[in-house]
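Reading through the structure tokens given below for one structure.
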Amino acid sequence: MSSEQISQADSQDQSSLKLAERTSNNRGKYFYLLLAIGGIGLIFLLARPILMTSADDTPAETTARVLPVETIEVQPVDTYQVSRTYTGQIAAVRTSDLGFSRSGEIEQIYVEEGDRVNQRQPLAKLDTRNLQTQRQQLLAEKAGASAQLSQLQTGARVEDIDAAQAAVQDIEQQLKLQSQQRQRREFLYAQGAIAQEELDEFSFGEEALKARLDQAGSNLAELKNGTRPEQVTAQEAILQQLEARIADLDVNLDQSILKAPFAGIVAQRDLDEGTVANAGQSVIRLMENATPQARVGMPSRVANELIVGSTQTLKLGSQTYKAKVRSILPEVNANTRTQVVVFDLDASAISEVNPGKTVRLELAQDLNSGGYWVPTEALTQGIRGLWTCYGITKAEDENNYLVKQHSVEIIHQSGDRVLVRGTLQAGDQIVASGVHRLVPGQRVKVGSRE
């Protein structure tokens with residue numbers, strides 16, 4: 001083979017190699033191109049239902065995004081009512097520490113703690129044997145003095161007067177005999193027959209008989225005239241002294257029995273039988289069982305608004321009782337700055353209410369402050385201590401509304417509603433509940449709230 005043929009063959013081989021390389025490269029490009037086109041087609045096929053659905057359902061989706069809300073119309077108020085509770089306690093009208101007025105040994109105690117007693121009912125008794133003995137002695141002395149007084153007031157008996165009259169007559173006869181004997185002795189003395197001494201004996205004997213006759217006459221006159229008023233008065237005074245001493249003993253005997261000064265409940269028993277109680281020492285503590293009273297402390301401004309005689313409702317545990325305002329004490333407690341108001345509970349509460357129990361009085365007070373009542377669910381936390389509620393305004397679409405934000409301040413809360421003030425206006429429509437789903441500018445549709 002010639003050199004030209006070899007050269008042509010080499011050039012053909014090189015051309016074949018270049019074509020093969022070019023073909024190979026083109027095949028690779030075609031493969032990647034087909035792969036890319038297949039991927040795009042697959043994505044298109046997968047996305048086509050979604051795109052078709054979105055394109056077809058755009059109005060329905062827009063309608064679904066409009067949330068339904070319930071609204072209320074707010075109206076302004078000038079005042080609101082606040083209910084405040086004041087605490088007090090049941091107090092007995094009277095409470096006494098009872099004791100004996102004299103000292104002595106306690107013989108018996110008739111009651112126990114918690115017993116209800118009536119007025120003048122015996123509670124305890126002291127040993128009174130010594131007092132009974134003294135009383136019997138005084139009664140005997142009184143009987144003797146009374147008999148003597150009766151004798152003085154009645155006067156002498158007839159027998160006594162007759163005896164006194166006979167005594168006078170006897171002395172008169174003796175005096176007459178003595179006078180005759182003296183006359184004879186004087187004659188004999190004048191004759192010198194007797195001595196002076198014998199004459200003197202008869203003379204003195206006659207004088208003594210005259211004195212005895214005067215005394216007997218006085219006794220007789222006294223018996224006939226009766227007892228002197230002074231003697232009767234003196235004897236009456238003696239009798240009165242004895243009666244006074246007996247009355248004093250009777251008082252001591254009565255005070256030896258401890259009696260309830262009023263109807264009440266035995267709150268405490270301090271001593272037992274056999275104890276020697278001193279005068280005035282507490283034996284039993286008694287609390288009155290009359291119409292119970294409640295004492296409630298409250299601010300002076302509130303207390304002065306109550307009217308004496310008006311009826312209020314007091315709560316004791318789960319029970320309520322009617323009570324009348326009895327009085328408002330004038331003194332203000334220096335620590336609590338409150339005044340005490342005294343209430344008289346209904347008499348029917350006597351058996352159910354005990355002193356010392358806690359009682360509560362709930363009063364409604366009107367305060368002057370403007371605002372709007374809104375449901376608690378209509379509020380959401382705002383910034384800087386404020387709260388937020390959402391109102392609605394008419395959107396371009398007449399069937400929908402736009403959410404509008406209002407900043408408000410809470411004045412008072414009562415149950416499930418609050419009194420607020422802020423950017424609200426009378427007649428505004430606000431969303432009543434579900435405000436956590438809303439943002440300002442959101443479209444909503446309105447439903448009424450029952």
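Just a few scattered comments:
- Looking across the range 397-450 at every residue that is within 48 Å of the chain's Cα centre (by Cα) and small (Gly, Ala, Ser), the one that is least open to solvent (accessible area, probe 1.4 Å) is identified as Ala432.
- The number of residues in the range 186-240 being outside any helix (DSSP H, G or I) and exposed (fewer than 15 other Cβ atoms within 10 Å of the Cβ) comes to 5.
- Index of the failed condition, Glu172 passing every other in (1) part of a helix (DSSP H, G or I); (2) open to solvent by less than 70 Å² (accessible area, probe 1.4 Å): (2)
- Residue list for the range 269-311, restricted to those being within 30 Å of Ala334 (Cβ to Cβ), open to solvent by 40 Å² or more (accessible area, probe 1.4 Å) and outside any loop (DSSP other than H, G, I, E, B): Arg285, Met287, Arg295, Pro299, Arg301, Asn304, Glu305
- Pick from the range 357-395, criterion part of a strand (DSSP E or B), over 29 Å from Met298 (Cβ atoms) and not β-branched (Val, Ile, Thr), ranking: farthest from the chain's Cα centre (by Cα): Lys394
- Residue satisfying condition, being open to solvent by 20 Å² or more (accessible area, probe 1.4 Å), charged (D, E, K, R) and in contact with a Leu (Cβ under 7 Å, 6 or more places away or on another chain), within set Lys357, Lys394: Lys357
- The range 120-149, residues that are outside any helix (DSSP H, G or I) and surrounded by fewer than 13 Cβ atoms within 10 Å (Cβ to Cβ): Arg120
- Here Val439 fulfils each of the conditions (1) among the β-branched types (Val, Ile, Thr); (2) closer than 19 Å to Glu73 by Cβ; (3) part of a loop (DSSP other than H, G, I, E, B) apart from (2).
Here's the yes/no breakdown for (1) at pLDDT below 75; (2) out of contact with any Phe, Trp or Tyr (no Cβ under 7 Å at 6 or more places or on another chain):
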| position | (1), (2) |
| --- | --- |
| Ala166 | no, yes |
| Leu175 | no, yes |
| Gln181 | no, no |
| Ala193 | yes, yes |
| Lys210 | no, yes |
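The values are calculated or read from the model by the stated rules, or taken from the named source; none is laboratory data. Here the structure is a predicted model, which is why all the values come from computation and not from measurement. Cβ: placed from backbone, ideal geometry, glycine included. Neighbour counts: every protein chain shown. Quick note on the areas: whole protein, heavy atoms, side chains included, nothing else; ligands and nucleic acids left out. Shrake-Rupley method; radii C 1.70, N 1.55, O 1.52, S 1.80 Å.
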